[in-house]
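Visitor: Structure below; questions to follow.
The values are calculated or read from the model by the stated rules, or taken from the named source; none is laboratory data. Keep in mind the model is a prediction, meaning the values are calculated, not measured. Here the Cβ positions follow ideal geometry from the backbone for every residue, glycine too, while neighbour counts run over all protein chains shown.
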Amino acid sequence: MRTVALPTGESVPALGQGTWNMAERVQQRKNEIAALQLGIDLGMTLIDTAEMYADGAAETLVGEAIKGRRDRVFLVSKVLPYNATLRGTISACERSLRRLGTDRLDLYLLHWRGDVPLAATLEAFQRLQEADKIRHWGVSNLDLEDMQELDAIAGAAGASCPAVNQVLYNLTRRGIEFDLLPWCQGRRIPVMAYSPLEQGRMLGHPVLRDIAADLHATPAQVALAWVLRQDGVIAIPKSGNPDRVRENRGTLELILTAEHLDKLDHAFRPPTRKMALEML
Ligand code: NDP
């Protein structure tokens, strides 16, 4: 499995698995658990979840999927901004740990920035690290200005820098390439690309289909290979379908040529100016 280095030097898989919209339909549960377990067996051992997903039920489902496999998984969860006070973050983390059936998260993220001062959430993350309840902390949906503010706060608090910034990034959402992505790369903070398939909406695009046909691959594989074309980027596609998990894993076998990348740049234009960070 290709890996990406966190700022501490620890390696995590470049291709992981998302869980948003899992645990929403009882009849899908068996497949969703099987899909996550197959992904782990195929090396997609980074699993991203959140207290928000299915009101905690996605974490419970992940807990079931990783039972007996916990040590092979790099487990990521997120605290909601309204819970992200000093005490609120600690309680939210403890609830997540219970649902996940584990005593430690590998990475805990602030889901997006709300009204709680970043310093309070950071202090909670530090306390959780001291208590060995989380190994790394990070953020999600923070644009460049927020990252710079956080950088100053973390520096003043003697804290490490965030382990990742998880943001929306795919062929149809390239805004971060203008400033946020190079800034994170310069700091060696990986960008964890969420909705790398634009939730499936882009997969019928004729250029993606042409390139996929040329490579004997699928549009989803081309879209993921494009996200993973550069260092310091992790992708976390979600699939509750084992066949698609296998397909997504196949992405790492794909090599996009300069010609393919040109065609994609033409069809999905890179940003030429600052664009506010988009969120889903
Ligand atoms: P994705 O871009 O990963 O797309 C998921 C959708 O694509 C699902 O409907 C899935 O269906 C389908 N799909 C997956 N693989 C394939 C394939 N090979 N071919 C065709 N369709 C496919 O969207 P998400 O929004 O789920 O993003 C991924 C993860 O990122 C989330 O699950 C979540 O963990 C995280 N996230 C974080 C956010 C944040 O604010 N921090 C916001 C949004 C997402 P099926 O399951 O039926 O295969």
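Visitor: If you go through region 166-181 one residue at a time, do you hit one that is over 23 Å from L75 (Cβ atoms), among the small types (G, A, S) and touching a residue at least 60 places away in the same chain (Cβ under 8 Å)?
Guide: yes
Visitor: Could you check region 179-194 and list, in sequence order, the residues that are of a type in the set (V, I, T) and either more than 19 Å from L264 (Cβ to Cβ) or near the ligand (Cβ under 10 Å from one of its atoms) (or both)?
Guide: I189
Visitor: Something else about it: Check whether at least one residue in region 52-70 is in contact with a Pro (Cβ under 9 Å, 6 or more places away or on another chain), more than 11 Å from the ligand (Cβ to nearest atom) and not basic (K, R), and report yes or no.
Guide: Scanning region 52-70, I find no residue that is in contact with a Pro (Cβ under 9 Å, 6 or more places away or on another chain), more than 11 Å from the ligand (Cβ to nearest atom) and not basic (K, R), so the answer is no.
Visitor: Here's another thing I want to ask about it. Restricting to region 195-207, count the residues that are within 6 Å of the ligand (Cβ to nearest atom) and either assigned to a helix (DSSP H, G or I) or over 14 Å from the mean Cα position of the chain (by Cα) (or both). Reasoning before the result, please.
Guide: Of the residues in region 195-207, the ones within 6 Å of the ligand (Cβ to nearest atom) are 195-200, 203.
Pick out the ones that are also either assigned to a helix (DSSP H, G or I) or over 14 Å from the mean Cα position of the chain (by Cα) (or both) and you get 198-200, 203.
The total comes to 4.
Visitor: Give just the number: which of (1) more than 18 Å from the chain's Cα centre (by Cα); (2) part of a strand (DSSP E or B) does K78 not satisfy?
Guide: (1)
Visitor: Being closer than 25 Å to D243 by Cα and touching a residue at least 24 places away in the same chain (Cβ under 8 Å): is that true of G56 here?
Guide: no
Visitor: Could you please find all residues in region 104-140 being hydroxyl-bearing (S, T, Y) and over 22 Å from R72 (Cβ atoms)?
Guide: T121, S140
Let's see how each residue does on (1) buried (at least 17 other Cβ atoms within 10 Å of the Cβ); (2) within 30 Å of L122 (Cα to Cα); (3) at pLDDT below 95:
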position: D151; (1), (2), (3): no, yes, no
position: L168; (1), (2), (3): yes, yes, no
position: P182; (1), (2), (3): no, yes, no
position: G186; (1), (2), (3): no, yes, no
position: L197; (1), (2), (3): yes, no, no
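Visitor: If you scan region 14-43, which residues turn out to be free of Cβ contacts under 8 Å to residues at least 40 places away in the same chain, surrounded by fewer than 16 Cβ atoms within 10 Å (Cβ to Cβ), part of a helix (DSSP H, G or I) and not acidic (D, E)?
Guide: Selection gives V26, Q27, K30.
Visitor: Another question, if that's okay. Kindly indicate which of E51, E64, E32 is touching a strand residue (DSSP E or B) at 6+ places or on another chain (Cβ under 7 Å) and either closer than 21 Å to R246 by Cβ or not basic (K, R) (or both).
Guide: Going through E51, E64, E32 in turn, just one is touching a strand residue (DSSP E or B) at 6+ places or on another chain (Cβ under 7 Å) and either closer than 21 Å to R246 by Cβ or not basic (K, R) (or both): E51.
Visitor: Return the pairs, sorted by first residue and then second, in which the second residue is within 8 Å of the ligand (Cβ to nearest atom), the first residue lies in region 188-214 and is on the phi > 0 side of the Ramachandran plot, the beta carbons are less than 7 Å apart, and the residues are 6+ apart or on different chains.
Guide: These pairs meet every condition: S195/L168; S195/N170; S195/L280; E198/N170.
Visitor: Of all residues in region 67-81 being among the basic types (K, R) and farther than 15 Å from A163 by Cα, which is surrounded by the fewest Cβ atoms within 10 Å (Cβ to Cβ)?
Guide: Initial filter on region 67-81 (among the basic types (K, R)): 67, 69-70, 72, 78.
Cutting the leftovers down to farther than 15 Å from A163 by Cα gives us 67, 69-70, 72.
Numbers: K67: 13, R69: 14, R70: 14, R72: 11.
Ranking the qualifying residues of region 67-81, first place goes to R72.
Visitor: Another question, if that's okay. Residue by residue through region 133-178, note down the ones that are more than 16 Å from the ligand (Cβ to nearest atom) and on the phi > 0 side of the Ramachandran plot.
Guide: G158
Visitor: Which residue out of L86, L46, L122, L110 is buried (at least 20 other Cβ atoms within 10 Å of the Cβ) and either among the aromatic types (F, W, Y) or more than 19 Å from L168 (Cα to Cα) (or both)?
Guide: Step by step, each of L86, L46, L122, L110 is checked, and only L122 is buried (at least 20 other Cβ atoms within 10 Å of the Cβ) and either among the aromatic types (F, W, Y) or more than 19 Å from L168 (Cα to Cα) (or both).
Visitor: I need the full set of residues from region 139-161 which are without any contact (Cβ under 8 Å) to a residue 40 or more places away in the chain and under 16 Å from the mean Cα position of the chain (by Cα), in order please.
Guide: Hit for region 139-161 is V139, nothing else.
Visitor: Let me ask something additional. If you take just the helices (runs of 4 or more DSSP H) that sit entirely in region 213-280, which of them hold at least 1 residues that are within 13 Å of the ligand (Cβ to nearest atom)? Steps first, answer last, please.
Guide: Working: elements: 219-227, 242-250, 258-267.
Counting at least 1 such residues, we get 219-227, 242-250.
Table: residues versus (1) modelled with pLDDT of 95 or more; (2) of a type in the set (D, E); (3) within 15 Å of the ligand (Cβ to nearest atom).
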residue: M1; (1), (2), (3): no, no, no
residue: Q17; (1), (2), (3): yes, no, yes
residue: W20; (1), (2), (3): yes, no, yes
residue: R25; (1), (2), (3): yes, no, yes
residue: D41; (1), (2), (3): yes, yes, no
residue: I47; (1), (2), (3): yes, no, yes
residue: R72; (1), (2), (3): yes, no, no
residue: S77; (1), (2), (3): yes, no, yes
residue: L80; (1), (2), (3): yes, no, yes
